[in-house]
1. From (1) on the phi > 0 side of the Ramachandran plot; (2) surrounded by fewer than 22 Cβ atoms within 10 Å (Cβ to Cβ), pick out the condition that doesn't hold for Gly7.
2. Please verify whether the stretch 158-167 includes one or more residues that are within 18 Å of Pro44 (Cα to Cα), at pLDDT below 95 and either part of a strand (DSSP E or B) or of a type in the set (Val, Ile, Thr) (or both).
3. What are the residue pairs meeting all of these: first residue in the stretch 320-335, first residue aliphatic (A, V, I, L, M), second residue assigned to a helix (DSSP H, G or I), Cβ atoms under 6 Å, and 6 or more apart or on different chains?
4. Name the single residue that is farthest from Val247 (Cα to Cα) among those in the stretch 3-21 being of a type in the set (D, E, K, R) and in a helix (DSSP H, G or I).
5. Please report, ordered by residue number, the helices (runs of 4 or more DSSP H) entirely within the stretch 225-304 with at least 2 residues that are buried (at least 16 other Cβ atoms within 10 Å of the Cβ) and either hydroxyl-bearing (Ser, Thr, Tyr) or modelled with pLDDT under 95 (or both).
6. So Ser277 ticks every box in (1) within 27 Å of Leu15 (Cα to Cα); (2) touching a Leu at 6+ places or on another chain (Cβ under 9 Å) but one. Which box is left unticked?
7. Test Asp248 against the stated conditions and say whether it is under 17 Å from the mean Cα position of the chain (by Cα), of a type outside the set (Gly, Ala, Ser) and under 15 Å from Arg39 (Cβ atoms).
8. From Ala66, Ala28, Ala84, Ala43, which residue is within 25 Å of Ala193 (Cβ to Cβ), assigned by TED's automatic domain parsing to the domain that holds Ser223, without any contact (Cβ under 8 Å) to a residue 24 or more places away in the chain and not basic (Lys, Arg)?
Amino acid sequence: MRPEEAGPPEIEEALAEVPPPPPGFLEALEIGGIRLKSRLVMAPMAGYTNLPFRRLVSARGAGMVATEMVSSQALVRRHPKTLALMRTEAGERPVSVQLFGADPAMMGEAAAIVEETGADVIDLNCGCPVKKITKTEAGSALLCDPDRAGEVVSAMVRSVRGPVTVKMRTGWDTVGTRQAERFAKAVEGAGAAAITVHGRTRHAMFGGAVDLEAIGRVKRAVSIPVLGNGSILTPGDAMRMIERTGVDGLMIGRGAIGNPWIFSRLIHWFRTGELPSPPSLAERRAVALAHLQGLQDELGQRPGVLHARKHLAAYTKGMRGGAAFRERVNRLDTLAEVVRAVETFFHEAEREAAVGGERRPDAA
């Protein structure tokens, strides 16, 4: 994901009417005996869903968070950097760890290692479209071989006590062939406790419309919980997916980057039928600064600066002067300098807003 692709649109769509909250979305969702805090789940995203980011979304209503995607091969070899990806803390639970790989025996061994680290849920990646993953027959390549995917799920289920879930796409490169339903039934039969469906084929990558009809067909084809995923960038996107698919919950990915409030705003809608306004500039500034502090504490100076750059691109998306701010941040070397730049930028924006010159559109 390129930094400019992260986060919500620059301007949130204006809803002519907020629909009534969906029935049942305030009730707890259980996946294989694990009770989620809400029906809104954070997606695993390479390079983004580290501990500082997970803290932010967990505090704002994410029902379950996820680490970055983990290689089963590297995990079995006990690669230190791979083990570090799975470091979690009690306050963010329940936590899911997503594995990729295609060898049943290795995936079973890797799943057992993941469970030892304290993960609540272990997810099988059947959706990553990136060539370096699919050329190993993993990720979305498994969509072409439901039998192999079933074997992998079975091996993982036999190796752990907790639930195994699957994240899939609607197919490899075909639409309307019922491929998604057949695949979903195969992994359900192998013991998957829940399925998340990204409403695009592998061929579509991350572009084009999300196939809500295919997500709905998968929901109706299986008896385990189904979560919808794909371009949930605004509350309106979430509302449409729930209404048109009948899913049991949502998995939100890039729409939460620079925008952890998407969870709390949707939960408020579930509770009251009303949709809160987007966060104020002051709140956006406070959370961005808290995020920077977390990056410094967890990652250290240089990695923290690099991570800060891409997250700040989302926090300031659509704001007047944002492009120049991001260009400046990309030249800074220390987190202290980045913090000062953020404080200056937002304080100037708040002063302009106070005299009627709002520096940003009403973005989520």
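The values are calculated or read from the model by the stated rules, or taken from the named source; none is laboratory data. Bear in mind the structure is a predicted one, so any value in this text is a computation, not a measurement. Using ideal geometry, Cβ is built from the backbone for each residue, glycine included, and neighbour counts are taken over all protein chains shown.
1. (2)
2. no
3. Listed by first residue and then by second, the contacts come to Val329/Arg309; Val329/Leu312; Val329/Val338; Val329/Ala341; Leu332/Val338; Leu335/Gln296; Leu335/Gly304; Leu335/Val305.
4. Glu4
5. Those helices (runs of 4 or more DSSP H) span 281-299.
6. Evaluating Ser277 over (1) within 27 Å of Leu15 (Cα to Cα); (2) touching a Leu at 6+ places or on another chain (Cβ under 9 Å) leaves (2) as the failure.
7. yes
8. Checking each option against the conditions leaves just Ala28.
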